[in-house]
Amino acid sequence: MKIGILFSKIRVEEKLLIEEVKKRRNVTLKLIDSRKLIITPEDDLGIDVLLDREIASSKALHVVEMLKNSTVRCINSYDVIRICGDKVFTSRWLSKKGVPTPKVKVAFTKESALEAIEEMGYPVVLKPVDGSWGRLIAKIENKNSALAILEHKSYLSSFYHSIFYLQEYIDKPDRDIRVLMIDEEPICASYRKSSDWLTNVSKGATTEECIVTPELEKISIMASKAVGGGALAIDIMETADGFTVNEINCSMEFKGSMHAVKKNIPSIIIDYCLKN
């Protein structure tokens, strides 16, 4: 068995996954640095399974697309990366499959975005359609801040910044829940707590274990099935009406979760690769 790990940066998670592969008998590891990769439509990269750990979902999407006609099993699949790598697509599929998720409006100019914000009512949350770690997310409190933020965003160069993804602001506790999933099986869950309204570990949030209740398991399975399954990190918020799915990450970061739970998450992910 030959496992390839696609990456552009070796973080804590990648180091742990590499260590885990090296423990396995009869398993060969190939590290695939996207910064150096050259691939053709006929290529199989000399591997049986590709584990996507690429930070940029756009790069991962193109590599996985190139491997579609090969015998390589990609984790995650092209469709899962496409859906989870774009917040508009994620929201659409969650909504389509009846998974509780915040209301969203999408606009394509700063003028129509302002109109959408006024319809939704303040505050609203403006997010880039791609990206993670809480970057470039803004809580818009009033019309003056809306005008300033939309003006700024409209001058950013990336194509993705011409898409205005507006999400209703959810009044929640000072935490959210990250559930790590393998297909329809929760690995573990952790609270991410912060005094700020953003609860990303990259922004200083702390973690502690969260018990996976039947209700939490149910919405996590619904969310995983909605986007096609795989190895996923599902971010869930608590509301007065129950849980709601905020985002889904298809190249899960689990460093924070490992501080909170007593599970060998890298081992579980590699087991999943070998099983497939």
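The values are calculated or read from the model by the stated rules, or taken from the named source; none is laboratory data. From a predicted model like this one, the values you see are computed outputs, not experimental measurements. Glycine also receives a Cβ, built like all others from the backbone with ideal geometry; neighbour counts cover every protein chain displayed. Note: accessible area is taken over every heavy atom of the protein model, side chains too, but ligands, DNA and RNA are not part of it. Shrake-Rupley method; radii C 1.70, N 1.55, O 1.52, S 1.80 Å.
Once every Cα of region 147-276 carries one equal point scatterer and solvent is ignored, give the base-10 log of I(q)/I(0) from the Debye formula at q = 0.10 Å⁻¹, two decimals.
-0.37
Zone of THR206 (label point 7 Å along Cα→Cβ, backbone N under 18 Å): which residues in region 166-189?
Those under the cut-off are 173-178.
With every atom except the alpha carbons ignored, what do you get for Rg and Dmax of region 205-245, in angstroms?
So, for region 205-245, Rg and Dmax equal 11.0, 30 Å respectively.
What residue among GLU184, GLU13, GLU119 has the largest mean-square fluctuation in a Gaussian network model of the chain, using Cα springs under 10 Å?
The residue with the greatest mean-square fluctuation here is GLU119.
At 1.4 Å probe size, with the rest of the protein present, what percent of the exposed accessible area of the chain is carbon and sulfur atoms?
C and S fraction of accessible area: 51 percent.
To check you understand DSSP bridge types, tell me what percent of the beta bridges within region 1-144 (both residues inside) are antiparallel, rounded to 5.
DSSP beta bridges in region 1-144 are roughly 20 percent antiparallel.
How much accessible area does SER145 have with a 1.4 Å probe, in Å² rounded to the nearest 10?
Probe radius 1.4 Å; accessible area of SER145 about 30 Å².
With +1 on the Cβ of every Lys and Arg and -1 on the Cβ of every Asp and Glu, and nothing else charged, how large is the dipole of region 174-271 about its Cα centre, in debye rounded to the nearest 20?
280
Note down the magnitude of the dipole of the chain about its Cα centre, charges +1 on Lys and Arg C-beta and -1 on Asp and Glu C-beta and zero elsewhere, to the nearest 20 debye.
Numbers: 40 positive and 39 negative charges, 154 e Å.
The dipole of the chain has a size of about 740 debye.
Skip the ligands, DNA and RNA, and give the accessible area per residue of the chain with a 1.4 Å probe, whole Å².
Numbers: 13610 Å² over 276 residues.
On a per-residue basis, the chain sits at 49 Å².
Pick from ARG24, ARG135, ARG35: which residue has the top mean-square fluctuation in a GNM of the chain where Cα pairs under 10 Å get a spring?
Ranking ARG24, ARG135, ARG35 by mean-square fluctuation puts ARG35 first.
Based on the Cβ-Cβ distance from GLU115 to TYR155, what FRET efficiency comes out when R0 is 30 Å, to the nearest 0.05?
So the FRET efficiency works out to roughly 0.95.
Give the aspartates and glutamates whose C-alpha is closer than 15 Å to that of LYS193, dropping any in the same chain fewer than 8 places away, or say none.
By straight Cα distance, LYS193 reaches ASP171, ASP174, ASP176, GLU208, GLU209, ASP235, GLU238.
Find the all-direction average of the projected area of the Cα convex hull for region 207-275, expressing the result in square nanometres with one decimal place.
5.2
Give the cross-link partners of LYS59 among the lysines, using a straight C-alpha distance below 17 Å as the criterion and excluding same-chain residues fewer than 8 apart.
Answer for LYS59, where 17 Å is the Cα cut-off: LYS9, LYS36, LYS68, LYS87, listed by chain and number.
Sort largest first and round to whole Å: the equivalent ellipsoid semi-axes of region 1-81, each the square root of five times a Cα gyration tensor eigenvalue. Mind dumping the intermediate values first?
Values: eigenvalues 73, 46, 24 Å².
Value: 19, 15, 11 Å, ordered largest first.
Using Cα-Cα distances under 8 Å and only pairs 6 or more residues apart, what relative contact order does region 50-182 have, in percent?
24 percent.
Only Lys, Arg, Asp and Glu count, each charged at its Cβ (+1, +1, -1, -1), so figure out the dipole size of region 1-136 about its Cα centre, rounded to 20 debye.
The dipole of region 1-136 has a size of about 480 debye.
Enumerate the aspartates and glutamates that LYS110 could reach by cross-link, defined here as Cα to Cα under 20 Å, with residues fewer than 8 away along the same chain left out.
Reachable aspartates and glutamates: ASP86, GLU118, GLU119, ASP130, GLU141, GLU151, GLU168.
If you bin every alpha carbon distance in region 1-141 into 10 Å steps from zero, what whole percent lands in each bin?
Histogramming region 1-141 at 10 Å steps yields 10, 32, 27, 19, 10, 2 percent.
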